[in-house]
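Note sheet for the following structure.
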């Protein structure tokens, strides 16, 4: 992961961790289901943004590096990884 990406991702993950703890408290306190569901949607959206950031970093750093490099096996490996990742995401 690139140096400038890591702190941003860690900051977002720490916030998400706090959100999840807050949701657990809401469940313990028997809060209204719609309020809990709203917070769950917010966490899912935040995780999606983190996922996008990590994927962008991977493309910019790892995949572009492999494409620009001379190692054919590395290029194929990076392409295979992305295809498998996208396949898992579509399930």
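Listed values, structure above:
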item	result
Residue match in the range 42-54 (condition: outside any helix (DSSP H, G or I) and within 29 Å of residue 24 (Cα to Cα))	no
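Condition check ((1) surrounded by 10 or more Cβ atoms within 10 Å (Cβ to Cβ); (2) farther than 30 Å from residue 83 by Cβ; (3) under 11 Å from the mean Cα position of the chain (by Cα); (4) at pLDDT below 95) across all residues:
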{"residue": "1", "(1), (2), (3), (4)": "yes, no, no, yes"}
{"residue": "13", "(1), (2), (3), (4)": "yes, no, yes, no"}
{"residue": "26", "(1), (2), (3), (4)": "yes, yes, no, no"}
{"residue": "30", "(1), (2), (3), (4)": "no, yes, no, no"}
{"residue": "34", "(1), (2), (3), (4)": "no, yes, no, no"}
{"residue": "42", "(1), (2), (3), (4)": "yes, yes, no, no"}
{"residue": "47", "(1), (2), (3), (4)": "yes, no, yes, no"}
{"residue": "53", "(1), (2), (3), (4)": "yes, no, yes, no"}
{"residue": "68", "(1), (2), (3), (4)": "no, no, no, yes"}
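The values are calculated or read from the model by the stated rules, or taken from the named source; none is laboratory data. Treat the numbers as computed from the prediction; the structure is a model and nothing was measured. With ideal geometry, Cβ positions are generated from the backbone for all residues, glycine too; neighbour counts draw on all protein chains shown.
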